[in-house]
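The values are calculated or read from the model by the stated rules, or taken from the named source; none is laboratory data. It should be emphasised that the depicted structure is a prediction, and the values quoted were computed from it without experimental measurement. Note: ideal-geometry Cβ built from the backbone for every residue, glycine included; neighbour counts use all protein chains shown. Quick note on the areas: whole protein, heavy atoms, side chains included, nothing else; ligands and nucleic acids left out. Shrake-Rupley method; radii C 1.70, N 1.55, O 1.52, S 1.80 Å.
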Amino acid sequence: MENWDEIRTAYHVARLGTVSGAAEALGVHHATVIRHIDALEQRLGVKLFQRHPRGYTSTEAGEDLLRVADTTADQFRQLESRIRGRGSEVSGELIVTSLISFAPLMVPALATFREAYPEVRVRYLTDDRVFRLEYGEAHVALRAGSVPQEPDNVVRRFASEPIGLYASASYIKRHGKPASTTEFAGHSFVGPEDLDSRAPFFRWLRRHVEPDQIVFRSTDTRVLEQAVLTGVGIGFYLRREAARHTSLVEVQPPEPEWETPLWLVTHVDLHRTAKVQAFLQHLKDFAARTQDV
């Protein structure tokens, strides 16, 4: 079976007869219970429960699941006890995810975390997709933009990223530096492949330049940053990253509407474990100490 969380959820629903009871026993949101049951029934191709106003009644297949789960309940409790013991230690695998643009912050933070806790093995995953913490794809996520809404996650505001508009010194030498948006005409810009990007700074750019002025586009922020560095055109840069490059010239300082709020996200089941709490505190301290955010 691919996902034991769904089986455990179904076991509690079969034992207690209600979604609310199972949610309370598992310490999760009732929407998670319903999602797990629906996913398990779809995967198995059979109904495990009959729904009625008073709750859930097991079908024959559901009764089979309950009997099998009962015989292994003690083993699961023993396993849980062992896992709880490990949860009190800062060791084992730590999976952290963020957009690639935050790697200059996250990599040194993770490196110094390992120095403090050498028994930890780090996996740092970067992708545009949202990793599903409820399925164990990551322990901690650093996300940007609007506040994450998943019901089983613990979300804490981390910081805001000031973003400015920059060009390389070579570009300024060839084309001059626009003093304001009224002088953008005739200049070249670097932007996203998706011109309908919801990022606030790209929405602002669409209001102030014509589409054909965006002469270099990419899906990867690293590519866009390199294009700005090599003088292709004017583009956005995280201010803390721009400070690392002496060849960059700030064309326009950060606007409040360009700032991207950052959120630290953990799953409710893992939020209080020693490993996760230790890393959350380390990351906050590291960011404050290095003034990267």
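What to note about this one:
- Test result for Lys177, out of contact with any helix residue (DSSP H, G or I) (no Cβ under 8 Å at 6 or more places or on another chain), free of Cβ contacts under 8 Å to residues at least 24 places away in the same chain and not aromatic (Phe, Trp, Tyr): no
- Residues satisfying the stated conditions in segment 241-288, i.e. of a type in the set (Val, Ile, Thr) and either closer than 27 Å to Ser146 by Cβ or in contact (Cβ under 8 Å) with a residue 60 or more places away in the chain (or both): Val249, Val251, Thr260, Val265, Thr266, Val268, Thr273, Val276
- Any hit, segment 68-76, residues being surrounded by 16 or more Cβ atoms within 10 Å (Cβ to Cβ) and modelled with pLDDT under 85: yes
- Applying the criterion of being hydroxyl-bearing (Ser, Thr, Tyr) and not in a loop (DSSP other than H, G, I, E, B) to the residues of segment 184-241, the residue that is nearest to the chain's Cα centre (by Cα) is Thr221.
- Segment 1-44: number of residues that are more than 15 Å from Glu134 (Cα to Cα), open to solvent by 70 Å² or more (accessible area, probe 1.4 Å) and out of contact with any Lys or Arg (no Cβ under 9 Å at 6 or more places or on another chain): 8
- The set of residues in segment 247-293 that are over 21 Å from Leu94 (Cβ atoms) and under 15 Å from the mean Cα position of the chain (by Cα) comprises Thr260, Pro261.
- Test: residue in segment 110-123 that is under 13 Å from the mean Cα position of the chain (by Cα), at negative phi and surrounded by fewer than 20 Cβ atoms within 10 Å (Cβ to Cβ): no
- Listed conditions (1) in contact with a helix residue (DSSP H, G or I) (Cβ under 7 Å, 6 or more places away or on another chain); (2) closer than 18 Å to Phe102 by Cα; (3) hydrophobic (A, V, I, L, M, F, W, C) are all met by Trp204, apart from (2).
- Scanning segment 1-60 for residues that are in contact (Cβ under 8 Å) with a residue 12 or more places away in the chain, out of contact with any Asp or Glu (no Cβ under 9 Å at 6 or more places or on another chain) and acidic (Asp, Glu) yields Glu2, Glu6.
- Unique residue being under 19 Å from Ser170 (Cβ atoms) and either modelled with pLDDT of 90 or more or surrounded by 15 or more Cβ atoms within 10 Å (Cβ to Cβ) (or both) when the list is Ala185, Ala199, Ala227, Ala243: Ala227
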